[in-house]
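The structure under discussion appears below in the form of structure tokens.
The numbers here are math on the coordinates, done by the rules we state, and not lab data. Note that the structure is predicted; figures quoted are calculated from it, not measured. Every residue, glycine among them, receives a Cβ derived from its backbone with ideal geometry; neighbour counts consider all protein chains shown.
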């Protein structure tokens, strides 16, 4: 099983290297290789998930390979309940992303190489038990996104002259600044923890003074917060989504952004409990700004991708609020919401890509009555909007309720006000999403969209059906994920939960 986990993580990267050997004149073979790599990785992940011991809260299927033992660096993979769920998310979204990548017709070889490298970078971050390789894969995930947007992206005119190159550079500068800040915190823990990068050893042996914990936690919180689009460091995110090609948007919103929140949960909370206690209130305040500010910004958008981009920033506010609760229910809700939002965002961006590929227009006011020509896509979009709005029956509802319960149970006035703000954020979310879907898919049909073709074959429908089935399955049976999440979260938060505010 240990080897299967390693294969699931590294198979896309190995396939990217193999793609170098294939001639660029055979894009069909390269695309088939990408589908094979992401499909097999998903099947391996599902098998590992089925064999996961739900009574064991620690790491399972651990594989360690010495790399630089003199510096305490090992290539060490393993999964607990948190990383298992997020690895499953990567498998689902990457396979669906490969399925919808048929819209790419130029430099396809380079595209699939970058896409596969991105997939392994994200998977490797979620599974790394060594801080060195955690950071290595973290950076490996960011670099391909820069190239995918810069080479294959598009940004319609009207955004004050901003181009895909502008979006790419802004994304890169923000994420690089965050990565450098996080690296300072990681190196501080490395030297204070006996010069080891092993996360298990650090959790057991790291002893930092309270004052030191506060500034190191700040480095990790704001460093990883850049990638988690924490307000006010979020401005790179919506324009990055808007400029990215469809599959890159799916990976970006669905899984790449979750690396930031995962870094806070995996490293900052268990290793720096006093720092977590000190910064929790500020994190809750910033989370409210994420939820409400980004939600209000989404109300003013006319471009479908910007609407969903700001919506994604708003939803990450719920994740950050769950982390700020420092209790099992709230943090578990944050992890489950990372999964639910990842699937929902991937579904929404894939649907936008479907009609944009035919219309070359994604401005909400310019689209009307699309459901008459593409009823299957219309139904899927309505269901995606319902999921994003927190409708019961979808995975998002369960996870958001867990965050609300975790925040309210803190008992402090600040967290209860934050809970009220978060609940109000759902109303704002429903407002702009229902307006967008009603305007574009219903109402009078515009004859200029007569050329639209719906998804009709099983192969065309597969990615959308798969993502919807996952949302509904977890929504109706959340215990399939919450059980393993809560057991692992319970090993992370006790230190900070025991400290009185």
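Please tell me the relative contact order of the stretch 108-248 in percent, rounded to the nearest whole number, where contacts are Cα pairs under 8 Å and at least six residues apart.
Taking the mean separation of contacting Cα pairs over the length of the stretch 108-248, I get 29 percent.
For the residues 442, 394, 17, what sequence is obtained by ranking on other C-beta atoms within 10 Å, fewest first?
Exposure proxy ranking, most exposed first: 17, 442, 394.
Note down the Stokes-Einstein diffusion coefficient of the chain in µm²/s, whole number, using a Kirkwood radius over alpha carbon pairs, 20 °C, and 1.002 mPa s.
95
Output the 0 to 90 degree angle, nearest 10, between the alpha-carbon long axis of helix 328-359 and the longest principal axis computed from the alpha carbons of the chain.
20
On C-alpha positions alone, give me the angle between the axis of helix 304-324 and the longest principal axis of the chain, in degrees, nearest 10.
20
Helix 479-489 against the longest principal axis of the chain: what's the angle in degrees, Cα atoms only, rounded to the nearest 10?
For helix 479-489, the angle is close to 30 degrees.
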